[in-house]
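**Student:** After the structure tokens below, expect a handful of questions from me.
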Amino acid sequence: MITLQQVNIGIIGLGYVGLPLAVEFGKKYPTTGLDINSQRIQELQAGNDNTHEVETELLASATQLTYTNTLQALKQCNVYIVTVPTPIDRHKQPILTPLIQASKSLAEVISKGDIVIYESTVYPGTTEEICAPYIESGSGLEMNKDFYVGYSPERINPGDKQHRVSNIMKVTSGSTPKTAGLVDALYNSVITAGTHKASSIRVAEASKVIENTQRDLNIALVNELAVIFQKLDIDTLEVLEAAGTKWNFLPFRPGLVGGHCIGVDPYYLTHKAEETGHHPELILAGRRINDKMGEYITIQVTKLMTLKKIHVVDSNILLLGFSFKENCPDLRNTRVIDMVNELKGYHANVDIYDPWVDPDEATKEYGIELCTQLEQGKYDAVIVTVAHNEFRDMGIEKIRALCKPNHIIYDVKYLFDKEDVDGRI
């Protein structure tokens, strides 16, 4: 097996997870980042990151990092880190195709003594029982004899400039004790927050998938509370702020739950649970609650419009925000699309404005067109769906100026005082 001094890293996937990791390793070790998107490679080579996760000066600081879209350019590497996405299909089942394809590709370049580390979120057993066999069959090498595997779950929070890859503690693991030690030492050399070495890969895989499952369930709880408090004519935020005066009350807020993690990862765990014959009732109940929030918010908005005698059919409605979270261009699994579809079901005219999102990407992924300019006096209703700083800075008066004299403003994200809006979640 290689030593820490011999490490030459290849990172497969240069998205929200792979690029920040590649930059950190590229400051210290020879590192090659591979992405199949040639345009992405050209942008990175020019010093630009269109995900806005890594600033130009930070990219420049990774002096040992190079970029490629050619698999054979990884041939000189001996530590491979896989950071490809793990989405779900329309039936809420895991899609392992990117992981399997990455494993097949690695089989073409891996050599004896090399290590493959997976960071993608998976259910327990995926790394050793699904990914490694594809490497074995394609390379003719045997795991734990000719090559080794590790797992270190990603903990990237897109758009968060405070919690970054280097200052978030990293869970590590390996297929043998010696591998686990090397994987842990490798990450520990660039992660200032330190590492936690799990006893096995399955433990590390499980730890990742429950992080977001726990968060999903907590948000589901406050989403259900919001529905209850609305029926009781009690302001949800005021209740949460009052309860939050106790030291151990968790500060979750209701809202849309999308993205590549919280809205997806629980289904990986429930899929594996059902394989064992266990039906995970609580986790799936939380998912159902969160998946229905777009429909719930739409109903609340249309009720408010009706109370103001605003006809929903042929009304003009503006959604402020389309990415899955604030100050981030990431569109993956955005639940704002649920509101778009619901409102169109009412035959409303829906405009969507998001200064963070690439309009071409929105069209490609969801078949919608974002508006690039806002027209004053046009809208019967405005729904603030994402808490971008731009919307906060815009202020309620500028938002109100976009509306007709008789209108509704609904604040999903508590950006404004309740006295300044007609409704909030």
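**Student:** To the nearest 10 square angstrom, how much accessible area does S61 have with a 1.4 angstrom probe?
**Tutor:** So the heavy atoms of S61 present about 50 Å² to solvent.
**Student:** Take the Cα of A185, step 7 Å along the line toward its Cβ, and report every residue of the stretch 107-131 whose backbone nitrogen sits under 18 Å from that point.
**Tutor:** Flagged as within label range: 113-117.
**Student:** In terms of solvent-accessible area of protein heavy atoms at a 1.4 angstrom probe, what is the ranking of T31, T176, highest value first?
**Tutor:** Output order, biggest surface exposure first: T176, T31.
**Student:** To make sure I understand the rule: partners must be aspartates and glutamates, Cα under 18 Å from the Cα of K161, and not fewer than 8 residues away in the same chain. Which ones qualify?
**Tutor:** Cα-Cα hits under 18 Å: E24, D49, E53, E55, E57, E326, D330, E390.
**Student:** Given 0.36 nm per residue, what is the gain on full extension from K398 to L71 after removing their alpha carbon distance, in nm?
**Tutor:** 112.7 nm
**Student:** I need to check one value: relative contact order of the stretch 307-425, counting alpha carbon pairs closer than 8 Å and at least 6 residues apart, in percent.
**Tutor:** Reported relative contact order: 27 percent.
**Student:** Further question on the same structure: Under 5 Å between amide hydrogens, which residues at least 5 positions from G174 or on another chain qualify, with H placed 1.01 Å from N in the peptide plane?
**Tutor:** Y151, A180, I201
**Student:** Using a 1.4 angstrom probe on the protein heavy atoms only, could you order R215, R155 from most to least accessible area?
**Tutor:** R215, R155
**Student:** Now for a different question. From the phi of every residue in the stretch 146-162, what ³J(HN,Hα) in whole Hz does the Karplus formula 6.51 cos²θ - 1.76 cosθ + 1.60 yield, where θ is phi - 60° and glycine or proline is x?
**Tutor:** 9, 8, 9, 10, x, 9, 9, x, 5, 9, 6, 10, x, x, 8, 8, 9
**Student:** Quick check of the Kirkwood formula: for the chain, what is the inverse mean of 1/r over all pairs of different Cα atoms, in Å?
**Tutor:** Mean inverse Cα-Cα distance, inverted, gives 23.1 Å.
**Student:** Could you compute how much accessible surface E365 exposes when probed at 1.4 Å, giving the result in Å² to the nearest 10?
**Tutor:** 110 Å²
**Student:** Let's test the formula: R0 of 60 Å, r as the Cβ-Cβ distance of E142 and E281. What FRET efficiency results, to the nearest 0.05?
**Tutor:** 0.90
**Student:** Same structure, new question: Taking square-rooted eigenvalues a ≥ b ≥ c of the alpha carbon gyration tensor, is the stretch 46-94 rounded, prolate or oblate, where a/c under 1.5 means rounded and, failing that, a/b exceeding b/c means prolate?
**Tutor:** Since a/c reaches 1.5 but b/c is at least a/b, the shape of the stretch 46-94 is classed as oblate.
**Student:** Keeping all protein chains in place and using 1.4 angstrom, which order do D411, D351 fall into by accessible surface area, from largest down?
**Tutor:** D351, D411
**Student:** Kindly list the residues of the stretch 110-143 that lie in the label zone of V203, defined by a backbone N under 20 Å from the point 7 Å along the Cα-to-C-beta vector.
**Tutor:** Those under the cut-off are 117-129.
**Student:** In nanometres, what is the gap between the two model label sites at N349 and N50, each 7 Å from Cα along Cα-to-Cβ?
**Tutor:** Rounded to a tenth, the inter-label distance reads 3.0 nm.
**Student:** Sticking with this structure for a sec: Obtain the nm distance between the two label points defined at I168 and E129 by a simple spin-label model: each point lies 7 Å from its Cα along the Cα-to-C-beta direction.
**Tutor:** 2.7 nm
**Student:** Now for a different question. Can you give me the relative contact order of the chain as a percent, contacts being Cα pairs under 8 Å and 6 or more apart?
**Tutor:** 11 percent
**Student:** Karplus couplings for the stretch 179-190 from phi (6.51 cos²θ - 1.76 cosθ + 1.60, θ = phi - 60°), rounded to Hz, Gly and Pro as x?
**Tutor:** The phi angles translate into 5, 4, x, 5, 4, 5, 5, 4, 5, 4, 6, 10 Hz.
**Student:** Continuing with this model, one more query. Measure off, as a whole percent, the carbon and sulfur share of the 1.4 Å-probe accessible area of the chain, all protein chains present.
**Tutor:** Of all accessible area on the chain, carbon and sulfur atoms account for 51 percent.
**Student:** In whole Hz, with x marking every Gly and Pro, tabulate ³J(HN,Hα) for the stretch 266-283 from phi via Karplus 6.51 cos²θ - 1.76 cosθ + 1.60, θ = phi - 60°.
**Tutor:** x, 5, 5, 5, 5, 4, 5, 4, 5, 5, 7, x, 9, 9, x, 5, 5, 4
**Student:** Quick one: how many Å² of W356 are accessible to a 1.4 Å probe, rounded to 10?
**Tutor:** 60 Å²
**Student:** If you don't mind, another one. Per 5 Å bin from zero, what fraction in whole % of the C-alpha pairs of the stretch 7-99 is there, up to the bin with the longest pair?
**Tutor:** Distribution as computed: 3, 15, 25, 24, 16, 9, 5, 3, 0 percent.
**Student:** For the stretch 89-233, with only Lys/Arg (+1) and Asp/Glu (-1) charged at the beta-carbon, what is the dipole magnitude about the Cα centre, in debye rounded to 20?
**Tutor:** The dipole magnitude comes to about 280 debye.
**Student:** Still on this structure, please answer the following. Just want the answer: with Cβ charges of +1 for Lys and Arg and -1 for Asp and Glu, which residue in Q5, Q230, N48 is farthest toward the dipole's positive end in the chain?
**Tutor:** The listed residue farthest towards the positive side: Q5.
**Student:** For R424, which sequence-distant residues (separation of 5 or more, or a different chain) have an amide H within less than 5 Å of its own amide H, given hydrogens modelled in the peptide plane?
**Tutor:** For R424, the qualifying residues are D411.
**Student:** Relative to the Cα centre, what is the charge dipole magnitude of the chain, using +1 at the beta carbon of each Lys and Arg, -1 at the beta carbon of each Asp and Glu, and rounding to the nearest 20 debye?
**Tutor:** 600 debye
**Student:** Please go through the residue pairs K378/K398; K145/K208; K364/K404; K112/K208; K309/K418 and name each one whose alpha carbons sit more than 23 Å apart in this structure.
**Tutor:** With Cα atoms farther than 23 Å apart: K145/K208; K364/K404; K112/K208.
**Student:** Using the Cα centre of the stretch 110-163 as the reference point, and only Cβ charges (+1 on K/R, -1 on D/E), how large is the resulting charge dipole? Debye, rounded to the nearest 20.
**Tutor:** Computed about the Cα centre, the dipole is about 160 debye.
**Student:** Rounded to the nearest 500, what is the 222 nm mean residue ellipticity of the chain from helices alone, with -39500 (n - 2.57) per DSSP H run of 4+ residues and division by all residues?
**Tutor:** -11500 deg cm²/dmol
**Student:** Is the stretch 181-283 best put as rounded, prolate or oblate by its Cα gyration tensor, with a ≥ b ≥ c the root eigenvalues, rounded for a/c under 1.5, and otherwise prolate when a/b is larger than b/c, oblate when not?
**Tutor:** The shape class here is oblate.
The values are calculated or read from the model by the stated rules, or taken from the named source; none is laboratory data. Just so it is clear, the structure is predicted and the values come from calculations on it, not from any experiment. Cβ atoms come from the backbone with ideal geometry, glycine included; neighbour counts cover every protein chain shown. With ligands, DNA and RNA removed, areas are computed over all heavy atoms of the protein, side chains included. Shrake-Rupley method; radii C 1.70, N 1.55, O 1.52, S 1.80 Å.
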